[in-house]
Amino acid sequence: MSDKYEGEFYCVKCKDKRTASGDIVVNEKGTRMAKGKCPVCGTNLNRILGKA
């Protein structure tokens, strides 16, 4: 499962919403999450998308 997500993430380091793209992964509880990098500071970004 190598789906892509492109949209808004919240960067906790910049304290602002950033538009980025990332891979969609499923955690052990079955929740889909998008993981990407902040284009400004390089911090890891996570966005919870809901149950798979």
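Restricting to the chain, compute how many DSSP beta bridges are antiparallel as a %, nearest 5. Write down the numbers at each step before the final one.
Working: 20 of 20 bridges.
Around 100 percent antiparallel, to the nearest 5.
What Rg and what Dmax come out for the chain when only alpha-carbon atoms are used, in angstroms?
10.8, 31
In straight Cα distance, which aspartates and glutamates are under 14 Å from Lys4, not counting same-chain residues fewer than 8 positions off?
Within reach: Asp23.
In nanometres, what is the gap between the two model label sites at Glu28 and Asp3, each 7 Å from Cα along Cα-to-Cβ?
Between Glu28 and Asp3, the simple spin-label model gives 2.3 nm.
Over the chain, with every protein chain in place, what whole percent of the accessible area is carbon and sulfur at 1.4 Å, could you tell me? Don't skip to the answer; put the middle values down first.
Working: 1780 of 3780 Å².
Accessible surface attributable to carbon and sulfur in the chain totals 47 percent.
Just the number please: accessible area per residue for the chain, 1.4 Å probe, all protein chains included, in Å². Show your work: numbers first, answer last.
Details: 3780 Å² over 52 residues.
It amounts to 73 Å² per residue over the chain.
The values are calculated or read from the model by the stated rules, or taken from the named source; none is laboratory data. Source: prediction; values computed, not measured. FYI the Cβ positions are ideal-geometry reconstructions off the backbone, even for glycines, and counts take in every protein chain you see. Accessible surface areas use protein heavy atoms only, side chains included; no ligands, DNA or RNA. Shrake-Rupley method; radii C 1.70, N 1.55, O 1.52, S 1.80 Å.
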